[in-house]
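These notes concern the structure reproduced below.
The values are calculated or read from the model by the stated rules, or taken from the named source; none is laboratory data. What you see is a predicted model; the values in this text were computed from it and never measured. Here Cβ is always computed from backbone atoms with ideal geometry, including for glycine, and neighbour counts include all displayed protein chains.
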Amino acid sequence: MASIWEYANPVKFSKTASTVLPWVSVLAAVTLAVGLVWGFFFTPDDFRQGSTVKIIYIHVPSAMMAINIWAMMLVTSLIWLIRRHHVSVLAAKGAASVGVVMTLIALITGAVWGQPMWGTWWVWDPRLTSFLILFLFYLGYLALWEAIDDPDTAADLTSVLCIVGSVFAMLSRYAVNFWNQGLHQGASVMRAGAVTGTDTEEKVSNIFFYPLLLCIIGFVLLFVALVFLRTRTEIHKRRTSALLARERLS
Amino acid sequence: MIALLTRDLKLAIRAGGGFGLGLAFFLIVVILVPFSVGPESGLLSDIAPGVLWLGALLACLLSLDRILALDWEDGTLDLMATSPLPLEGVVTIKALAHWLTTGLPLVIAAPLFGLLLNLPQAGYPWLVLSLAIGTPALSVVGTFGAALTVGLKRGGLLLSLLVLPLYVPTLIFGAELARRGADGQATTTPMLMLAGITFGVIALLPFASALVLRVNLR
Amino acid sequence: MIALLTRDLKLAIRAGGGFGLGLAFFLIVVILVPFSVGPESGLLSDIAPGVLWLGALLACLLSLDRILALDWEDGTLDLMATSPLPLEGVVTIKALAHWLTTGLPLVIAAPLFGLLLNLPQAGYPWLVLSLAIGTPALSVVGTFGAALTVGLKRGGLLLSLLVLPLYVPTLIFGAELARRGADGQATTTPMLMLAGITFGVIALLPFASALVLRVNLR
Amino acid sequence: MPELGKYATEVLTAYGVSIVLTTVLVLASIRAARKARKDLEAAEARRDER
Amino acid sequence: MTLTVSDLTVSRGGIAVLEGVSFELAPGRALILRGPNGIGKTTLLRTVAGLQPAVSGTVTAPEESIAYAAHSDGLKAMLSVEENLRFWAQVFGQSNIDTAVQAFDLTDLLERPAGTLSAGQKRRLGLARLLVTGRAIWILDEPTVSLDAHSVARFADAVRRHLADGGSTLIATHIDLGLDGDELDVGPFKASGSRPDPNGFDESFL
Amino acid sequence: MTLTVSDLTVSRGGIAVLEGVSFELAPGRALILRGPNGIGKTTLLRTVAGLQPAVSGTVTAPEESIAYAAHSDGLKAMLSVEENLRFWAQVFGQSNIDTAVQAFDLTDLLERPAGTLSAGQKRRLGLARLLVTGRAIWILDEPTVSLDAHSVARFADAVRRHLADGGSTLIATHIDLGLDGDELDVGPFKASGSRPDPNGFDESFL
Ligand code: HEM
Ligand SMILES: Nc1ncnc2c1ncn2[C@@H]1O[C@H](COP(=O)(O)OP(=O)(O)OP(=O)(O)O)[C@@H](O)[C@H]1O
Ligand SMILES: Nc1ncnc2c1ncn2[C@@H]1O[C@H](COP(=O)(O)OP(=O)(O)OP(=O)(O)O)[C@@H](O)[C@H]1O
Ligand SMILES: [Mg+2]
Ligand SMILES: [Mg+2]
């Protein structure tokens, strides 16, 4: 059994990515399409939230992805710092762009949802606030990549930023909870109602739950496809610039 | 190490006062706030602890790029890296010098600025205490940011962008401590958290700073 | 002249985005305010216009030292002074480039940040209008400050210190305009004053800037 | 089209914005991938010539 | 296009460093300034270029005829070699950069960001800037710092061509450039530090 | 105190610039690196000084024996010459700066802020720094830039004295220093840009 580190070979990774990509992409498209269509067209309105409950099929998956993508970046950054496999840090870079879009989607859908539910686009609720901070971390991470010319230096620095940033993100999360405790409790009641069905019938919750699950899977697959694609792109770019550099030399 | 500290302090004082300028900036932010939000004193005293913390944070932030950039540009850092001083020591000293020239004067002057914003009477000791505990963390975290961006020409704004989210926990607990103090509420938790953050950061972050600095130097 | 403008814009975009970073700083100031003054939305919407103006002003301020310092350090300004371009033209173009990369994005993005601070509905058009009229003055005055401090190594904080009082009139009328707009009061006087300041400053200050720049160069 | 009631705007904006953002991300990724591959092939071809 | 300097006194940091310098630089001529470190060559050149005022004496040169090059080349690390050159060409109202590129062998480097050049390559780019100014009088402060022998020769060629075209140049340098020009040792002009007239007006400051 | 470099490959901006460089620098010896602009001398020196990692090959030198001096001297404009020197002496655990001051004729300048020195005076101060490090192996990148003939001779004297004391030095320069040391032309070591093993691991990047 070959070690999984073999996939850290850029050539092997590119090959694998190329074979896997079409399948994952198709699967992602199908799952997402089924999930969203099911959710949008074939689920009833919530008795309290009306049709806005349909936003859940985008909001919750994208919010989950936004957090988990950062977690994945943390892991791959650590791998780079410890084992120095270029692919892993490039995967982090590729994932970050997806992550920032997911964060943005979660923020926007949340804000749009907040207007009818809470009567305001934005409140400084702990959950929303820590999400905004996450968004800032993504922005800083990407800006740092952009600002550095030397690829290895950029890889090292962004990886350290990712790790230090994660620690501070946890701290902020705790701090924010503390800072705004007791305010805007409404959200969690509605969430509980909508998803776990504690204050409605079990059946209703399942009606919402299965399409939601499908959407979540769809978002995950979409993410996987995009990360494969973007990482391969980064590998190609690195190789091109190395070739060009050597060309200049001779 | 001591040579480095005294040199940094000397430089801060001679170079037109890294010293006075942090304070002056703090003062000006505090003065601009009434101009921008309007002069009603009720509103002002509500936001006073927060504004004072925000001002301190921004004054710190603005002076961050002095911590390492000058030494980078004139090659001092290269030479330092080949000297017997460990880089961990260098960044710690740099953070200390930054705090002594920026954080400490703010702590001392804060009550005065509190006056300008109608800070409630009970708030003064808490404001000073929270700044005294919190500003060292700002300097240390700032040094990390400075080390991260030192290679980049005029990384000033990028530095702010990277450092500000890192400042959030300190700001929240610091401002909360000052606010609760002013309102006469319980202050133990934010105080413990603030102290925890400061100690944790002082103990751990210099290693990360030295690491990124080493990467940037090569 | 056009060559200078395009070069400055190119540099701003390539150098890791003088562009995005001004905005990012604005965003961050706006985010930090609730952390420091607390999350109650009533309080926030009271201070929203003022905070937005203050944020814009600080974002401008932080990027001021990029206007001339880099060109000074690498000798471009010396060479420019011996070139056929008049220095008055150079400083005007520099101010314009600064506004295009910092002021304009702020004007466009301000409504979004208004959301975060619960700016009252009526305030949006006035906020944008006041920023659109006021920010050019900030850039021109800032260029003057930059010209004044350009010789001094890392005059960053000194620059802020000198420029901030010069910003006060613009800030007062700008924030007043936005605040009155949000409260539905009469807005003519502050608007006229703001426009007057901007035009006056654009017409006259470049001469002063060129003058001090010439002194600093020798 | 399901009946969205009084919240139609909200739901549609949410879906619209999300779909637009995702599409932009996907298209940008694909275009960058194409460009990177083309550049790489060109560079490799030039190298093989020599 | 003659540059005439007569009885010039220049100061640095408020103290006169060179006194009573006079020379004339006719078209087609090169004048090489010599003198030990710290004597005031840089100060003299900056004064002649109009970057700082003279204490006394005059510098006469036709309007807009002087191109000055100091140690700092005004290169932007983020712009490519070509963009850097083209910018200066536009500032000086020129459009052609090819001569400059060829004269300093920059063809292979055109696309490179200036920040990634080696010390000598940067210097070559800085010197190429002179050719795109279209100015007749070049004032150069240690132009060949960091250049290898080959590049120094190239530089000397460029200067010779410039002189042949009716230009002239004033160069401060410590090394031998292989140019045949007049030499001026500024040593003898060292300011004596003689006490100014105590009843003078502003002089009592100096 | 011997510095041994064997089969060293150094890179700049992610590309190898010099390949397979080997040499040995024994105590009492000077090695002078020669090569055209942009060949990679600066890169080599930085690698040997430990400021950047080598791509392959090894640099062996005793711990804390290397003093490096590049173009930027790390001088603080606001501090006086004496304060600048004393600071570096303290960093390197020395206490005496007199030898350094005398060797580079800085006595008259001791009180001056470093920012008001001329180009050559600054350089002299930068070189004086080497003497207060107490390190045995000096690695110098174009040390005599901006120096006049007299100061170059002074510098050569200082180097000779250092060699006589059992030190050694590695110098990259374009001019003749009048030192008798071995010369190493780095031209032949220019990286060939040969194709790396395409099935290699990370090599497929580089
Ligand atoms: C800008 C505003 C908002 C942001 C940033 C935001 C963010 C988040 C985050 C981070 C999660 C957690 C995802 C996970 O479980 O991993 C979440 C879940 C959720 N959000 Fe939001 N949200 C926002 C507004 C709203 C609004 C207005 C509503 C509804 C009224 C809402 C309803 C939900 C529900 C039902 C869940 C699932 C709860 C669960 O995991 O049990 N959100 N949101
Ligand atoms: N800012 C300053 N304040 C006071 N004196 C200064 C200042 N700058 C330079 N000087 C002094 O003025 C004198 C002339 O300096 P200048 O740079 O013109 O010399 P130079 O002939 O160009 O020397 P080099 O060959 O070393 O470049 C020197 O003695 C120097 O120490
Ligand atoms: N940041 C960079 N990115 C890419 N290439 C670079 C970078 N910096 C330098 N180079 C290139 O690396 C090569 C080696 O540069 P180096 O500075 O080591 O040369 P050098 O021998 O010291 O030249 P000089 O005599 O001109 O100082 C040069 O061809 C240069 O163009
Ligand atoms: Mg000089
Ligand atoms: Mg070099």
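Taking interchain pairs and intrachain pairs at least six residues apart, which have beta carbon atoms under 6 angstrom, with the first residue in the stretch B:125-138 and free of Cβ contacts under 8 Å to residues at least 60 places away in the same chain and the second hydrophobic (A, V, I, L, M, F, W, C) and buried (at least 19 other Cβ atoms within 10 Å of the Cβ)?
Short answer, once both residue conditions are applied: B:VAL128/B:ALA110; B:ALA132/B:VAL107.
List pairs: first in the stretch E:23-43 and acidic (Asp, Glu), second more than 16 Å from ligand 4 (Cβ to nearest atom), Cβ under 8 Å, 6+ apart or cross-chain?
These pairs meet every condition: E:GLU24/E:THR2; E:GLU24/E:LEU3; E:GLU24/E:THR4; E:GLU24/E:VAL5.
All but one of (1) at pLDDT below 80; (2) assigned to a helix (DSSP H, G or I); (3) at the interface with another protein chain (Cβ under 8 Å from one of its Cβ atoms); (4) farther than 21 Å from C:LEU158 by Cα hold for C:GLY16; which doesn't?
Among (1) at pLDDT below 80; (2) assigned to a helix (DSSP H, G or I); (3) at the interface with another protein chain (Cβ under 8 Å from one of its Cβ atoms); (4) farther than 21 Å from C:LEU158 by Cα, the lone unmet condition for C:GLY16 is (2).
Would you check if E:LEU109 is without any contact (Cβ under 8 Å) to a residue 60 or more places away in the chain, out of contact with any Pro (no Cβ under 6 Å at 6 or more places or on another chain) and within 14 Å of chain F (Cβ to nearest Cβ)? Let's see the steps before the verdict.
Values: without any contact (Cβ under 8 Å) to a residue 60 or more places away in the chain: yes; out of contact with any Pro (no Cβ under 6 Å at 6 or more places or on another chain): yes; within 14 Å of chain F (Cβ to nearest Cβ): yes.
Spelling it out, E:LEU109 is indeed without any contact (Cβ under 8 Å) to a residue 60 or more places away in the chain, out of contact with any Pro (no Cβ under 6 Å at 6 or more places or on another chain) and within 14 Å of chain F (Cβ to nearest Cβ).
Residue pairs, Cβ under 6 Å, 6 or more apart or interchain, first in the stretch D:27-50 and more than 13 Å from A:HIS236 (Cα to Cα) and more than 7 Å from every other protein chain (Cβ to nearest Cβ), second modelled with pLDDT of 95 or more and outside any helix (DSSP H, G or I). List them.
Partner pairs satisfying both residue conditions: none exist.
Mind telling me which of the residues E:THR4, E:THR43 ends up being among the hydroxyl-bearing types (Ser, Thr, Tyr), in contact with an Asp or Glu (Cβ under 7 Å, 6 or more places away or on another chain) and either within 16 Å of ligand 4 (Cβ to nearest atom) or farther than 29 Å from C:GLY151 by Cβ (or both)? Show your work before the answer.
Details: E:THR43 fails: in contact with an Asp or Glu (Cβ under 7 Å, 6 or more places away or on another chain).
E:THR4 is the lone residue from the list that is among the hydroxyl-bearing types (Ser, Thr, Tyr), in contact with an Asp or Glu (Cβ under 7 Å, 6 or more places away or on another chain) and either within 16 Å of ligand 4 (Cβ to nearest atom) or farther than 29 Å from C:GLY151 by Cβ (or both).
I'd like the residue in the stretch E:125-142 that is more than 26 Å from E:THR4 (Cβ to Cβ) and not β-branched (Val, Ile, Thr) and, out of all such residues, is nearest to ligand 2 (Cβ to nearest atom).
Taking the stretch E:125-142 first, the residues more than 26 Å from E:THR4 (Cβ to Cβ) are E:125-126, E:128, E:132.
So of that shortlist, the ones also not β-branched (Val, Ile, Thr) come out as E:125-126, E:128.
On the way: E:LEU125: 22, E:GLY126: 17, E:ALA128: 23 Å.
Per the criteria, the residue is E:GLY126.
Inspect the stretch B:72-84 for any residue being in contact with a helix residue (DSSP H, G or I) (Cβ under 6 Å, 6 or more places away or on another chain), closer than 21 Å to B:LEU171 by Cβ and at pLDDT 85 or above and give the result as yes or no.
Taking every residue of the stretch B:72-84 in turn, none turns out to be in contact with a helix residue (DSSP H, G or I) (Cβ under 6 Å, 6 or more places away or on another chain), closer than 21 Å to B:LEU171 by Cβ and at pLDDT 85 or above.
So how many residues does the stretch C:172-201 have that are surrounded by fewer than 17 Cβ atoms within 10 Å (Cβ to Cβ) and in a helix (DSSP H, G or I)? Before the answer, list the steps.
Keep residues of the stretch C:172-201 that are surrounded by fewer than 17 Cβ atoms within 10 Å (Cβ to Cβ), which gives C:183-186, C:188-189, C:192, C:195-196, C:199-200.
Among the residues that remain, those that are also in a helix (DSSP H, G or I) are: C:183, C:188-189, C:192, C:195-196, C:199-200.
Counting residues in the stretch C:172-201 that are surrounded by fewer than 17 Cβ atoms within 10 Å (Cβ to Cβ) and in a helix (DSSP H, G or I) gives 8.
For the stretch B:155-171, indicate whether the set of residues that are outside any helix (DSSP H, G or I) and surrounded by 24 or more Cβ atoms within 10 Å (Cβ to Cβ) is non-empty.
Of the stretch B:155-171, the ones outside any helix (DSSP H, G or I) are B:155.
Narrowing further to those that are surrounded by 24 or more Cβ atoms within 10 Å (Cβ to Cβ): B:155.
Within the stretch B:155-171, one or more residues are outside any helix (DSSP H, G or I) and surrounded by 24 or more Cβ atoms within 10 Å (Cβ to Cβ).
Check the stretch B:152-171 and report whether any residue there is within 7 Å of another protein chain (Cβ to nearest Cβ), under 30 Å from C:ASP74 (Cα atoms), touching a residue at least 40 places away in the same chain (Cβ under 8 Å) and among the polar types (S, T, N, Q).
Within the stretch B:152-171 (the criterion being within 7 Å of another protein chain (Cβ to nearest Cβ), under 30 Å from C:ASP74 (Cα atoms), touching a residue at least 40 places away in the same chain (Cβ under 8 Å) and among the polar types (S, T, N, Q)), the answer is yes, since at least one residue qualifies.
Between E:GLY20, E:GLY50, which is farther than 28 Å from C:GLY151 by Cβ, more than 14 Å from ligand 4 (Cβ to nearest atom) and out of contact with any Ser or Thr (no Cβ under 6 Å at 6 or more places or on another chain)?
On the way: E:GLY50 fails: farther than 28 Å from C:GLY151 by Cβ.
Of E:GLY20, E:GLY50, the one residue that is farther than 28 Å from C:GLY151 by Cβ, more than 14 Å from ligand 4 (Cβ to nearest atom) and out of contact with any Ser or Thr (no Cβ under 6 Å at 6 or more places or on another chain) is E:GLY20.
Looking at (1) within 19 Å of the chain's Cα centre (by Cα); (2) more than 8 Å from every other protein chain (Cβ to nearest Cβ), find the lone condition where B:PRO34 falls short.
(1)
Inside the stretch C:103-122, can you point out the residues that are part of a helix (DSSP H, G or I), within 14 Å of chain A (Cβ to nearest Cβ) and either in contact with a Gly (Cβ under 9 Å, 6 or more places away or on another chain) or acidic (Asp, Glu) (or both)?
C:PHE113, C:GLY114
Out of the residues in the stretch A:222-247 meeting the condition of being under 17 Å from A:SER18 (Cβ atoms) and surrounded by fewer than 20 Cβ atoms within 10 Å (Cβ to Cβ), tell me which one is nearest to the other protein chains (Cβ to nearest Cβ).
A:LYS237
Going through E:ALA100, E:ALA136, E:ALA89 one at a time, which residue ends up being in contact with an Asp or Glu (Cβ under 9 Å, 6 or more places away or on another chain), of a type outside the set (D, E, K, R) and more than 17 Å from F:ASN37 (Cα to Cα)? Break it down into steps so the answer makes sense when it comes.
Details: E:ALA100 fails: in contact with an Asp or Glu (Cβ under 9 Å, 6 or more places away or on another chain); E:ALA89 fails: in contact with an Asp or Glu (Cβ under 9 Å, 6 or more places away or on another chain).
Result: E:ALA136 is the single residue among E:ALA100, E:ALA136, E:ALA89 that is in contact with an Asp or Glu (Cβ under 9 Å, 6 or more places away or on another chain), of a type outside the set (D, E, K, R) and more than 17 Å from F:ASN37 (Cα to Cα).
From the list A:LEU134, A:LEU142, which one is more than 8 Å from every other protein chain (Cβ to nearest Cβ), surrounded by fewer than 18 Cβ atoms within 10 Å (Cβ to Cβ) and not in a loop (DSSP other than H, G, I, E, B)? Steps first, answer last, please.
Numbers: A:LEU134 fails: surrounded by fewer than 18 Cβ atoms within 10 Å (Cβ to Cβ).
Checking each option against the conditions leaves just A:LEU142.
Can you name every one of the strands (runs of 3 or more DSSP E) wholly within the stretch E:18-85 that holds 3 or more residues which are farther than 24 Å from C:VAL212 by Cβ, within 7 Å of another protein chain (Cβ to nearest Cβ) and modelled with pLDDT under 90? It would help to see each step written out before you state the result.
Values: elements: E:30-34, E:56-60, E:66-69.
Fully inside the stretch E:18-85 and qualifying: nothing.
List every residue pair whose Cβ atoms sit under 7 Å apart, with the two residues 6 or more apart in sequence or on different chains, where the first one lies in the stretch E:138-155 and is among the basic types (Lys, Arg) and the second, anywhere, is within 15 Å of ligand 3 (Cβ to nearest atom) and not in a strand (DSSP E or B).
Once the first residue is among the basic types (Lys, Arg) and sits in the stretch E:138-155, its partners that are within 15 Å of ligand 3 (Cβ to nearest atom) and not in a strand (DSSP E or B) give E:ARG154/E:PHE104; E:ARG154/E:ASP105.
Given the conditions (1) under 21 Å from A:TRP124 (Cβ atoms); (2) of a type outside the set (A, V, I, L, M, F, W, C); (3) at the interface with chain B (Cβ under 9 Å from one of its Cβ atoms), and given that C:ASP65 satisfies all but one, which numbered condition is not satisfied?
Evaluating C:ASP65 over (1) under 21 Å from A:TRP124 (Cβ atoms); (2) of a type outside the set (A, V, I, L, M, F, W, C); (3) at the interface with chain B (Cβ under 9 Å from one of its Cβ atoms) leaves (1) as the failure.
Please work out if A:ALA111 is away from ligand 5 (no atom under 16 Å from the Cβ) and at pLDDT 90 or above. Walk me through it before giving the result.
On the way: away from ligand 5 (no atom under 16 Å from the Cβ): yes; at pLDDT 90 or above: no.
So A:ALA111 fails the test.
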